[in-house]
Amino acid sequence: MQAIKQYIVVINGSIHIDLPKDFTAKRVELIILSADDNGADSTDFQQFLLNSPEMSDEEYQAIEDKRRHLNEWT
């Protein structure tokens, strides 16, 4: 999986992302988190997901794997 982390300014409700020329993915998944509030909302959302009674062990492990991967970039 290719991953890119960028801080981008929102202008009139729109964002523009310049991808590196070697980025080859045909489809991407975007998760947009506000950088204005020191991540408080994203932490609350992650805790909500982890506490969800509908979450399977596989889903929990997938989130933990992604969290470890994301923490390598921050």
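Read-outs: derived from the displayed coordinates by stated rules, not from any lab. Given the structure is predicted, the values throughout are model-derived calculations rather than measurements. Glycine also receives a Cβ, built like all others from the backbone with ideal geometry; neighbour counts cover every protein chain displayed.
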Task: From phi via Karplus (6.51, -1.76, 1.60), per-residue ³J(HN,Hα) for region 18-35 in Hz, x at Gly/Pro - done: 9, 8, x, 4, 8, 6, 10, 5, 8, 10, 9, 10, 9, 10, 9, 10, 5, 9
Task: Extension gain, K66 back to R27 (0.36 nm per residue minus Cα-Cα distance, nm) - done: 12.2 nm
Open item on the list: If I model a spin label at D44 and D57 as a point 7 Å from the Cα along the Cα→Cβ vector, what separation in nanometres do I get?
Closed with: 3.2
